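Data block below; observations after.
The values are calculated or read from the model by the stated rules, or taken from the named source; none is laboratory data. These figures come from a predicted structure and were not determined experimentally. Methodologically, a virtual Cβ is constructed for each residue, glycine included, from the backbone with ideal geometry; neighbour enumeration extends over all protein chains shown.
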Amino acid sequence: MYKAVLLDTIRAAGQVLLEGIGENFQISHKSSLNDLVTEVDKRSEAVILDKIRNQFPDHAILSEEAGASEHSGTFRWIIDPLDGTVNFAHRLPICSVSIALEKEGEVLMGAVYNPFLNELFFAEKGHGAYLNDKPIRVSAQDQIRQAFLVTGFPYQWRDMPHDPVQVFGYFIKQGVPVRRLGSAAIDLCWVACGRFDGYWEHHIHAWDVAAGGLIVREAGGQVTDFEGQPYQLSSSKLIASNGRIHEGLLHAVQTA
Ligand code: IPD
Ligand code: CA
Ligand code: CA
Ligand code: CA
């Protein structure tokens, strides 16, 4: 029941992104000049909220643009209606929709959909992770010096512990390839299916990673904060990996 609604909803939202990218949509700024939101983010969100409220009127919702619903409940939907807005605003088709269902603090299921690649990632706690219905696993790489990594940077610079540029530089100086794709949800799913070996980011929100984090864990990977503790939705720092190079990533963020 939850799964069917989740998949139907995320496909409908993906269709909004597919149709919207060729249009002349409006773009506005949020906290800074390059922290953007487009009309399409809001259109996607409206489709998602409508479907979820319709099916589950007593469930709580946390969605990036609309914020948190007033009522609390046992179940909460955590939604990023368009992850990768800066890419989308520049018509770069590395963007996704991310939706997770949480029950009493635990993510039960999550999906991430990139409609431009027609890639739908899904996981349910205890039941594995899937890409377009095929099971996925994290990579087997166990050498951090040979790892293929991905990260993200905040839109607004602030002094923060574990300076993101230092951590990035730590790997680059060793010749380790690091990418910055611009959609945290896709970064996580690409760790889950073994394309990347690890990912870290200093300033993320629950809606960026709630679904992707579960997908990584269900694909056999590890998801922690920068102290190595299991990642909690309230944390703004996240490391995800295939598990084998996790210590190497932790070492980098703690010492760089
Ligand atoms: C952003 C993307 C980006 C990450 C930022 C997020 P948005 O989400 O996931 O990759 O580096 O931290 O805010 O704003 O495009 O939904
Ligand atoms: Ca945003
Ligand atoms: Ca996001
Ligand atoms: Ca977003």
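Could you go through region 134-141 and let me know if any residue there is within 15 Å of ligand 1 (Cβ to nearest atom), touching a strand residue (DSSP E or B) at 6+ places or on another chain (Cβ under 9 Å) and without any contact (Cβ under 8 Å) to a residue 24 or more places away in the chain. So far as region 134-141 goes, no, none of its residues is within 15 Å of ligand 1 (Cβ to nearest atom), touching a strand residue (DSSP E or B) at 6+ places or on another chain (Cβ under 9 Å) and without any contact (Cβ under 8 Å) to a residue 24 or more places away in the chain. Would you check if there is a residue in region 16-26 being part of a helix (DSSP H, G or I), touching a residue at least 60 places away in the same chain (Cβ under 8 Å) and loosely packed, with under 15 Cβ neighbours inside 10 Å? Yes, the conditions are met somewhere in region 16-26. Within region 171-208, take every residue that is free of Cβ contacts under 8 Å to residues at least 60 places away in the same chain, within 23 Å of Arg91 (Cα to Cα) and of a type in the set (A, V, I, L, M, F, W, C) and give me the one that is nearest to ligand 1 (Cβ to nearest atom). Residue satisfying both the conditions and the ranking: Ile204. A single member of His203, His251 is farther than 24 Å from His127 by Cβ, within 16 Å of ligand 2 (Cβ to nearest atom), in the same structural domain as Trp157 (by TED's automatic domain parsing) and surrounded by fewer than 24 Cβ atoms within 10 Å (Cβ to Cβ), and it is His203.
Counting only residues that are touching a Ser or Thr at 6+ places or on another chain (Cβ under 7 Å) and surrounded by fewer than 20 Cβ atoms within 10 Å (Cβ to Cβ), how many does region 110-136 have? Write out each step before concluding.
Restricting attention to region 110-136, the residues satisfying the condition of being touching a Ser or Thr at 6+ places or on another chain (Cβ under 7 Å) are 112-114.
Retained after the next criterion (residues that are surrounded by fewer than 20 Cβ atoms within 10 Å (Cβ to Cβ)): none.
Number of matching residues: 0.
For region 79-94, enumerate the residues that are near ligand 1 (Cβ under 7 Å from one of its atoms) and among the small types (Gly, Ala, Ser). First the steps, then the outcome.
Step one: filter region 79-94 for residues near ligand 1 (Cβ under 7 Å from one of its atoms), giving 80, 82-86.
Residue satisfying the conditions is Gly84 alone.
When we screen Arg53, Arg11 for residues that are under 19 Å from the mean Cα position of the chain (by Cα), among the charged types (D, E, K, R) and more than 12 Å from ligand 2 (Cβ to nearest atom), the only hit is Arg11.
Of the residues Ile215, Ile186, Ile172, which single one is within 16 Å of ligand 3 (Cβ to nearest atom) and more than 27 Å from Ser31 (Cβ to Cβ)?
Values: Ile186 fails: more than 27 Å from Ser31 (Cβ to Cβ); Ile172 fails: within 16 Å of ligand 3 (Cβ to nearest atom).
Of the residues listed, the single one that is within 16 Å of ligand 3 (Cβ to nearest atom) and more than 27 Å from Ser31 (Cβ to Cβ) is Ile215.
Listed here are the residues, each with its yes/no results for (1) away from ligand 2 (no atom under 16 Å from the Cβ); (2) among the polar types (S, T, N, Q); (3) more than 24 Å from Lys3 (Cα to Cα); (4) surrounded by fewer than 16 Cβ atoms within 10 Å (Cβ to Cβ).
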residue: Met160; (1), (2), (3), (4): yes, no, yes, yes
residue: Phe171; (1), (2), (3), (4): yes, no, yes, no
residue: Gly182; (1), (2), (3), (4): no, no, yes, no
residue: Asp197; (1), (2), (3), (4): yes, no, yes, no
residue: Asp225; (1), (2), (3), (4): yes, no, yes, no
residue: Gly228; (1), (2), (3), (4): yes, no, yes, yes
